[in-house]
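Only one structure is covered here, and it is reproduced in the block below.
The values are calculated or read from the model by the stated rules, or taken from the named source; none is laboratory data. A quick note: this is a predicted structure, and the numbers were derived from the prediction, not measured. Neighbour counts are summed over all protein chains in view; Cβ atoms, including those assigned to glycine, are modelled from backbone coordinates with ideal geometry. Accessible surface areas use protein heavy atoms only, side chains included; no ligands, DNA or RNA. Shrake-Rupley method; radii C 1.70, N 1.55, O 1.52, S 1.80 Å.
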Amino acid sequence: MRTVAKGEQARAEILRAHPAAQVEVRRIDLADLASVQEFADALIAGGRPLDMLLNNAGVMFPPVRHETADGFELQLGGNFLGPFALTVRLLPLPLQAPAARVVTMSSGMAARGTIDFDGLNWQRGYDPAGAYGRSKLADLLLSRPTKRARRAR
């Protein structure tokens with residue numbers, strides 16, 4: 001959802017189909033790390049386990065370079081850094097759930113992405129498709145289990 005109003009519309013549709021459902025709409029801006037922290041802190045304060053976190057942010061191909069509130073290139077910040085910060089901040093909640101999952105969506109464009117640590121922010125030669133591919137490759141790397149996690153299964 002891009003707006004709280006659209007979230008409320010979706011909530012109403014869910015409740016029409018499933019009147020007993022418990023549905024909340026909360027605001028978060030993944031391109032603003034203060035918003036991510038505020039959102040996560042509110043969920044943590046609720047103290048309930050989190051069964052699933054689905055990261056599916058998708059700023060795609062802005063024709064000119066934009067920055068997040070924190071000064072990161074918009075696609076990297078909104079598609080990767082925000083969801084990464086949210087996942088790390090919320091980690092205590094899925095760890096409380098019996099069979100929690102964290103799912104991070106990516107794109108076929110990840111195959112075209114490269115991680116250039118010296119030019120991560122695209123401050124020179126901005127390429128919208130390249131920046132999107134980079135953000136989606138970063139998402140894949142985030143969701144890849146470590147060797148330690150694979151051995152624990």
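About its Cα centre, the chain has a charge dipole of approximately 780 debye under the convention of +1 per Lys or Arg Cβ and -1 per Asp or Glu Cβ, with nothing else charged.
Note on His18 and Leu95: their simple-model spin labels are 2.8 nm apart, each label 7 Å out from Cα toward Cβ. Between Asp118 and Arg11, full extension at 0.36 nm per residue minus the direct alpha carbon distance yields a gain of 34.2 nm. Mind giving me the FRET efficiency for Met105 and Val25? R0 is 22 Å, r the Cβ-Cβ distance, nearest 0.05 is fine. For R0 = 22 Å, the calculated efficiency reads 0.65. Structure remark: mean-square fluctuation, Gaussian network model of the chain, C-alpha springs under 10 Å; the largest value among Gln75, Gln37, Gln22 belongs to Gln22.
Taking Cα atoms only, the orientation of helix 128-143 departs from the longest principal axis of the chain by about 50 degrees. Between the helical axis of 33-46 and the dominant principal axis of the chain, each derived from Cα atoms, what acute angle in degrees is found, rounded to the nearest 10? With rounding to tens, the tilt is 20 degrees.
Amide H contacts of Thr104: Asn55, each under 5 Å away and 5 or more positions distant or on a separate chain (H built 1.01 Å from N in the peptide plane; Pro and chain starts excluded).
Summed over the residues of the stretch 1-134 and divided among them, the accessible surface reaches 63 Å² per residue at a probe radius of 1.4 Å. Peptides 60-67, 100-107 ordered by packing proxy, namely the average of other Cβ atoms within 10 Å per residue, highest first: 100-107, 60-67.
Across the stretch 17-99, Cα-Cα pairs more than 18 Å apart make up 48 percent of the total. Which percent of the accessible area of the chain is formed by carbon and sulfur heavy atoms (probe 1.4 angstrom)? The C+S portion of the solvent-accessible surface of the chain is 56 percent. Karplus-derived 3J(HN,Hα) values for the stretch 99-116, using 6.51 cos²θ - 1.76 cosθ + 1.60 with θ = phi - 60°, are 9, 5, 9, 10, 10, 10, 7, 10, 7, x, 5, 4, 5, 8, x, 9, 9, 10 Hz; glycine and proline are entered as x. Counting only the Cα atoms, the chain fills a convex hull of 142 Å³ per residue.
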